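Q: My questions all concern the structure below.
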């Protein structure tokens, strides 16, 4: 199994906090890799929030391809960050080349364009760069979006964190998602490493999705270029979230209703029962089959955790006002938030969707069965 570690905070927090929490859960993952996605960035990126950031890995050849393509498209470099790589005894990570997080100015012709057109440009650019690096592994692009950075590498998560120099806190963020990856179904490939990101939406998963093929085929048929890739059976969770919340415009709880629909007799008492019946029938191909525990965030910084309703994976949520952890195991939560009141911890079950609004001042638990929301301060 994989292990998940997420922190939502009102203050900027270190990436290493989430990675060390992962390390305390080490018996639950095999140390095959680390993926981190950061949102609402601090440090050197704090005043660059409107500029899209290209996150990825490249060789010298790949870097020339990036520079040439971005210049041709009219993007201008605003700020470039590279981790100060640490190599040596105790860090068994093989360096691939350049690890980049580069903020760009939009092309002049896009400065006053509608948001939808900017989103389409960023998606098209990311996919084209990914295509250019596919044949020779000269270029990996994990995200291209304002105020978001994604980094991934193969190796023990704690060693990868030290390899990137995260102990020195070069990157901070108010939302941090980290996953210790165990690749049980496919060969190790960086694009298969969680978290997955698309146009402001991000998810990571502990489990496997045996409904992957119908999920993928449905999404691939929507006519949207971003629904592609699928090196992991879990990437569909992110794309389904994007489809439900962004393209269809449904509120977050309906994501839970669509991926883990209730039986007809279970939702008959909800005031929106008629709508649920229509969703269940029309979007049946997006129903997942686990076991799965899914943690993710929305473009506004809302963080959530939910479970496959049939077979649960470990998951726990707890914290204090202004800092909340979402972890696979209690020991991870103990590491990240030792000061919390443990009796207030939430262990989400089959009907639960846990929601942490931006700023992490409160935790909301939405019950799918009756549609009620309980707020925990």
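Q: Determine, for 118, 263, 152, the number of other Cβ atoms within 10 Å of each Cβ, and report the residues in order from fewest to most.
A: In order of increasing Cβ crowding within 10 Å: 263, 118, 152.
Q: Then there's this: Which of 177, 248, 129, 333 comes first, and how do the rest follow, when ranked by fewest Cβ neighbours within 10 Å?
A: 248, 129, 333, 177
Q: Normalising by the residue count of the chain, find the relative contact order in percent from Cα pairs under 8 Å and 6+ residues apart. Provide the component values of the computation, followed by the final result.
A: On the way: 847 pairs, mean separation 86.2, N = 377.
Reported as a whole number, the value is 23 percent.
Q: Another question, then. In degrees from 0 to 90, rounded to the nearest 10, what is the angle of the helix 15-24 Cα long axis to the longest principal axis of the chain?
A: Its long axis makes an angle of about 60 degrees.
Q: Of 147, 112, 17, which is the most mobile in a GNM of the chain whose springs link Cα atoms less than 10 angstrom apart?
A: Its mean-square fluctuation being the largest, the pick is 112.
Q: Taking other Cβ within 10 Å of each residue's Cβ, how do 5, 143, 220 sort, fewest first?
A: 220, 143, 5
Q: Measure nothing but the geometry: give the 0 to 90° angle between the long axis through the Cα atoms of 115-134 and the longest principal axis through the Cα atoms of the chain, rounded to 10°.
A: 60 degrees
Q: Can you give me the angle between helix 273-282 and the longest principal axis of the chain, using Cα atoms only, in degrees from 0 to 90, rounded to the nearest 10?
A: The two axes meet at around 50 degrees.
Computed from the coordinates by the stated procedures, all read-outs in this text should not be read as laboratory data. Being a predicted model, the structure only gives us computed values, none of them experimental. Neighbour counts run over all protein chains shown; Cβ positions are idealised from the backbone, glycine included.
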